[in-house]
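Undergrad: Let me begin by handing over the structure; questions about it come next.
The values are calculated or read from the model by the stated rules, or taken from the named source; none is laboratory data. These numbers were taken from a predicted model, which means no experiment stands behind them. Glycine gets a Cβ as well: all are built from the backbone with ideal geometry, and neighbour counts include every protein chain shown. We work out accessible area using only protein heavy atoms, side chains counted, and drop any ligands, DNA or RNA first. Shrake-Rupley method; radii C 1.70, N 1.55, O 1.52, S 1.80 Å.
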Amino acid sequence: MNKMIEANQEAVENFGKGLSHFNHNFAESGLFTDEKLAQLIERYPREYYMINTMTAQGDKPEWRSGEINNVSGEKVLQALTEGRIWLALRRFDVVCPEYDELVHEAFREMEELQPGLKTFKHNSSMLISSPGARVLYHADIPYVCLFHVRGRKKLWLYDAENKEHLPDRTLEGVILKETEEEIGYEENWDKEASEIVLEPGKALSWQLNAPHRVDNLDGLNVSITTDYFTPYAQKKYGVYYTNGVMRRKFGMSPKSTSTDGLGAYAKCAAALAFKKSGMMSKDERTMVSTFTLDPENIGQIIDIPQNERREIVQL
Ligand SMILES: [Fe+2]
């Protein structure tokens with residue numbers, strides 16, 4: 001096989017720091033056909049997938065979690081093609097190492113191109129979503145690289161340093177896993193966002209924690225999304241984690257978000273201790289299934305009655 005990625009100098013230099021747009025050839029593996037995806041869906045244990053639906057593009061944002069409900073892989077794909085659904089098949093390392101191989105090769109090549117780049121804790125998911133699906137405004141904890149394979153989607157990327165669009169308290173909440181996906185968003189922020197259309201064969205990574213939202217444009221959308229950390233990402237995580245604990249548990253209002261110096265070092269050590277103590281875990285969000293796919297009317301969903309709703313357990 002040829003090289004897995006092709007990146008110009010700018011994309012190479014920015015990877016693991018800021019906006020990096022480059023090419024990949026994951027599709028050549030043959031692992032992304034309808035047939036392969038249907039087989040993959042059927043292999044997925046409940047604790048490693050999330051299926052969601054959302055309000056239409058432009059409508060008031062609402063995001064719901066659900067269940068596949070024993071619908072065959074082929075029919076799930078059909079529902080994804082015809083409905084407004086978003087499926088994330090998580091933890092390649094446990095379920096499908098053949099897909100993880102593609103990602104590892106891409107990262108190996110990128111690290112070869114940018115000496116000094118160090119990435120770790122890679123965690124990949126397959127995202128399969130409807131032509132009209134969207135992902136609401138949110139920020140991710142680690143760096144993210146999106147390898148886009150099928151369909152077209154548009155991303156709005158916002159500046160992570162803009163404290164109006166992403167207040168410290170909000171980012172702390174994301175890092176402490178208090179909120180599920182969506183955070184405060186106003187349409188007029190779009191004026192300052194970068195807009196990027198992703199075509200098949202394109203990969204994109206961006207500034208750490210930069211808020212973003214996505215509208216699919218056409219076709220069944222298939223991408224691999226890979227979370228990863230760098231030493232800087234790990235430090236920022238530790239600083240915000242501890243600032244979040246100080247604000248919530250000790251009534252303090254931490255001002256410094258610096259990732260340099262002894263203060264940052266101490267906060268990272270404290271974050272490890274806080275995490276180990278489990279003191280914040282009871283404040284973490286829980287996710288509940290509110291719908292199942294309709295096995296009779298493919299593309300439709302069935303609401304789960306309030307008293308039958310169950311918490312979703314993810315490992
Ligand atoms: Fe994201």
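Undergrad: For Ala271, only one of the following conditions fails: (1) open to solvent by 40 Å² or more (accessible area, probe 1.4 Å); (2) not assigned by TED's automatic domain parsing to the domain that holds Arg91. What is its number?
TA: That leaves (1) as the condition not met.
Undergrad: Can I ask one more? Within the stretch 233-241, is even one residue surrounded by fewer than 19 Cβ atoms within 10 Å (Cβ to Cβ), more than 16 Å from the ligand (Cβ to nearest atom) and within 20 Å of the chain's Cα centre (by Cα)?
TA: Yes, there is a match, as at least one residue in the stretch 233-241 is surrounded by fewer than 19 Cβ atoms within 10 Å (Cβ to Cβ), more than 16 Å from the ligand (Cβ to nearest atom) and within 20 Å of the chain's Cα centre (by Cα).
Undergrad: Also, I was wondering about something else. Tell me whether the stretch 291-306 contains one or more residues that are touching a residue at least 24 places away in the same chain (Cβ under 8 Å) and part of a helix (DSSP H, G or I).
TA: Checked the stretch 291-306: no residue is touching a residue at least 24 places away in the same chain (Cβ under 8 Å) and part of a helix (DSSP H, G or I).
Undergrad: Can you pull out every residue in the stretch 210-232 that is charged (D, E, K, R) and either open to solvent by less than 10 Å² (accessible area, probe 1.4 Å) or over 19 Å from Gly18 (Cβ atoms) (or both)?
TA: Across the stretch 210-232, the qualifying residues are Asp215, Asp218.
Undergrad: Answer with yes or no whether Asn221 is at pLDDT 95 or above, touching a Pro at 6+ places or on another chain (Cβ under 9 Å), over 22 Å from Ala106 (Cβ atoms) and within 16 Å of the ligand (Cβ to nearest atom).
TA: no
Undergrad: Among the residues in the stretch 150-157, are any within 15 Å of the ligand (Cβ to nearest atom) and surrounded by 21 or more Cβ atoms within 10 Å (Cβ to Cβ)?
TA: Scanning the stretch 150-157, I find at least one residue that is within 15 Å of the ligand (Cβ to nearest atom) and surrounded by 21 or more Cβ atoms within 10 Å (Cβ to Cβ), so the answer is yes.
Undergrad: Which residue pairs have Cβ atoms closer than 6 Å, lie 6 or more positions apart in sequence or on different chains, and pair a first residue in the stretch 138-163 that is outside the structural domain of Gly30 (by TED's automatic domain parsing) and over 15 Å from Leu19 (Cα atoms) with a second residue that is among the hydrophobic types (A, V, I, L, M, F, W, C) and open to solvent by less than 20 Å² (accessible area, probe 1.4 Å)?
TA: none
Undergrad: Within the stretch 158-173, how many residues are among the small types (Gly, Ala, Ser) and within 15 Å of the ligand (Cβ to nearest atom)?
TA: Result for the stretch 158-173: 1.
Undergrad: I want to confirm something. Restricting to the stretch 125-149 and keeping residues that are within 16 Å of the ligand (Cβ to nearest atom) and either assigned to a loop (DSSP other than H, G, I, E, B) or aromatic (Phe, Trp, Tyr) (or both), which single residue is nearest to Leu80 (Cα to Cα)?
TA: Going through the qualifying residues, I end up with Ala133.
Undergrad: Next question. What pairs come up if the first residue lies in the stretch 191-204 and is closer than 7 Å to Lys154 by Cα, the second is assigned to a loop (DSSP other than H, G, I, E, B) and open to solvent by 20 Å² or more (accessible area, probe 1.4 Å), and their beta carbons are under 9 Å apart, counting only those six or more places apart or on different chains?
TA: Partner pairs satisfying both residue conditions: Ile196/Leu19.
Undergrad: Residues of the stretch 45-64 being polar (S, T, N, Q) and at pLDDT 95 or above, which ones?
TA: Residues satisfying the conditions are Asn52, Thr53.
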